[in-house]
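Asks: Got a structure for you, questions after.
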Amino acid sequence: MNTSLSSIVSRASALFLAAMGLALLFASDNILPQLVQGSSPGLELIGQLLGGAWLGVAALNWLSKSVLIGGIYSRPVVSANVLLYFVAAMSLVKPLMRGGLPVAVSIAFVPIAAFAIAYLWLLFRGPYQRDLEKFNKP
């Protein structure tokens, strides 16, 4: 089993996105009205589409768990995750600063921001030296 740091990040991200994606896919009609005040019936469709997108990225991350990622390695996987998590984190910063959001959004912000930082680190720095040594063994 691959236990490189990039593999751990990929697995954790896949599990997080799968949990969030499944919740939105199957229960967006229950979840979104609690998160968005005055929500409309069409919001359920948007929630299901977002859940499907998160499940797609979760599958990408899960299938990439045994691949060395970071720097020049698997750049499409890292870029997709950087965009997903960075945009999500930046979109939540202003509403969180204003306050009045449900506690669940504040709690979800923490792993989103952590994954944004982890994937930005992998994008610009690349895999750790011990990961390179492990993958380059004869």
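Asks: What angle, in degrees between 0 and 90 and rounded to the nearest 10, separates the Cα long axis of helix 103-125 from the longest principal axis of the Cα atoms of the chain?
Replies: With both axes taken from Cα atoms, the answer is about 30 degrees.
Asks: Counting only heavy atoms of the protein chains, get the accessible area per residue of the range 1-110 (1.4 Å probe) and round it to a whole Å² value.
Replies: 57 Å²
Asks: For the chain, give the percent of accessible area contributed by carbon and sulfur heavy atoms, probe 1.4 Å, rounded to a whole number.
Replies: 72 percent
Asks: Still on this structure: Could you tell me the relative contact order of the chain? Use alpha-carbon pairs under 8 Å, at least six residues apart, and round to a whole percent.
Replies: Relative CO of the chain lands at 32 percent.
Asks: Where does the chain land on the Kirkwood hydrodynamic radius, alpha-carbon pairs, in angstrom?
Replies: 15.9 Å
Asks: Determine ³J(HN,Hα), in whole Hz, for all residues of the range 66-78 in sequence, where each value follows from phi through the Karplus function 6.51 cos²θ - 1.76 cosθ + 1.60 and θ = phi - 60°; x replaces Gly and Pro.
Replies: Couplings: 9, 9, 6, 10, x, x, 8, 8, 6, 4, x, 5, 5 Hz.
Asks: OK, next. Using amide H atoms built in the peptide plane, which far-off residues or other-chain residues are under 5 Å from residue 73 H to H?
Replies: none
The values are calculated or read from the model by the stated rules, or taken from the named source; none is laboratory data. Just so it is clear, the structure is predicted and the values come from calculations on it, not from any experiment. When the accessible area is computed, the model is the full protein with side chains, heavy atoms only, and any ligands, DNA or RNA have been set aside. Shrake-Rupley method; radii C 1.70, N 1.55, O 1.52, S 1.80 Å.
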